[in-house]
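Peer 1: Here it is, the structure in full.
The values are calculated or read from the model by the stated rules, or taken from the named source; none is laboratory data. A quick note: this is a predicted structure, and the numbers were derived from the prediction, not measured. Reconstructed Cβ throughout: ideal geometry from the backbone, glycine too, with neighbour counts over all protein chains shown.
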Amino acid sequence: MAKSDDANILEAGGSEIPARASRLGPGLTSKAEITGRDDLVIQGQFKGLIALSGGSLTIDRNAVVEAEVEAADVIIHGALTGDIRASGRAFLAASSRVKGNISAVQITIQDGAMFRGAISMKPKGD
């Protein structure tokens, strides 16, 4: 998350998200390919591909996502099945359930998080 967004943070479902992030709301289900540079919050169900060059992805507490994910930062409070490639950080909250491999510069897994996969730490800038 960019430092300029710090003043625009909201608390939703226990996750910090930028106020101007695009959202897939809790009542929505989508199968698609999402690409872009903006931040994205998924609160519903999503299946497909997510590629956010420079943007962050937040998967909210009740969200269910089946996708390959590429983003600057990936913050997970809900369920994700698929690999994560983060150019910054990957954060798995205590409520998260993740099945897939993670590649990131910084990885945080809180106590209580469920994770099955492999972790690859990479130097910043790779």
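Peer 1: Criterion first (acidic (Asp, Glu) and in contact with a Lys or Arg (Cβ under 6 Å, 6 or more places away or on another chain)) does residue 33 satisfy it?
Peer 2: Answer is no for this residue.
Peer 1: What do you reckon, is residue 65 assigned to a strand (DSSP E or B), in contact (Cβ under 8 Å) with a residue 24 or more places away in the chain and touching a Phe, Trp or Tyr at 6+ places or on another chain (Cβ under 8 Å)? If you could, list the steps in order and put the result at the bottom.
Peer 2: On the way: assigned to a strand (DSSP E or B): yes; in contact (Cβ under 8 Å) with a residue 24 or more places away in the chain: no; touching a Phe, Trp or Tyr at 6+ places or on another chain (Cβ under 8 Å): yes.
No, not satisfied.
Peer 1: Moving to a separate point now. Filter segment 44-75 down to the residues that are buried (at least 20 other Cβ atoms within 10 Å of the Cβ), closer than 18 Å to residue 113 by Cα and not hydroxyl-bearing (Ser, Thr, Tyr) and list them by number.
Peer 2: 57, 59, 60, 63, 65, 73, 74, 75
Peer 1: For the structure I just gave you, tell me whether residue 100 is buried (at least 16 other Cβ atoms within 10 Å of the Cβ), out of contact with any Phe, Trp or Tyr (no Cβ under 8 Å at 6 or more places or on another chain), at pLDDT 95 or above and on the phi > 0 side of the Ramachandran plot.
Peer 2: yes
Peer 1: Let me ask another. Scan segment 72-101 residue by residue and report those that are hydrophobic (A, V, I, L, M, F, W, C) and part of a strand (DSSP E or B). It would help to see each step written out before you state the result.
Peer 2: The initial filter retains those residues of segment 72-101 that are hydrophobic (A, V, I, L, M, F, W, C), namely 72, 74-76, 79-80, 84, 86, 90-94, 98.
72, 74, 75, 76, 79, 80, 84, 86, 90, 91, 92, 98 - these are the residues of segment 72-101 that are hydrophobic (A, V, I, L, M, F, W, C) and part of a strand (DSSP E or B).
Peer 1: State whether the residues of segment 104-122 include one that is within 22 Å of residue 36 (Cβ to Cβ) and modelled with pLDDT of 95 or more. Outline the logic, then answer.
Peer 2: Applying the first criterion (within 22 Å of residue 36 (Cβ to Cβ)) to segment 104-122 yields 104-105.
If we keep only those that are modelled with pLDDT of 95 or more as well, we get 104-105.
Checking segment 104-122: at least one residue is within 22 Å of residue 36 (Cβ to Cβ) and modelled with pLDDT of 95 or more.
Peer 1: How many residues does segment 80-93 contain that are touching an Asp or Glu at 6+ places or on another chain (Cβ under 6 Å) and farther than 13 Å from residue 119 by Cβ?
Peer 2: 3
Peer 1: Considering segment 22-40 alone, what residues qualify as being touching a Leu at 6+ places or on another chain (Cβ under 8 Å) and either surrounded by 23 or more Cβ atoms within 10 Å (Cβ to Cβ) or in a loop (DSSP other than H, G, I, E, B) (or both)?
Peer 2: 37, 38, 39
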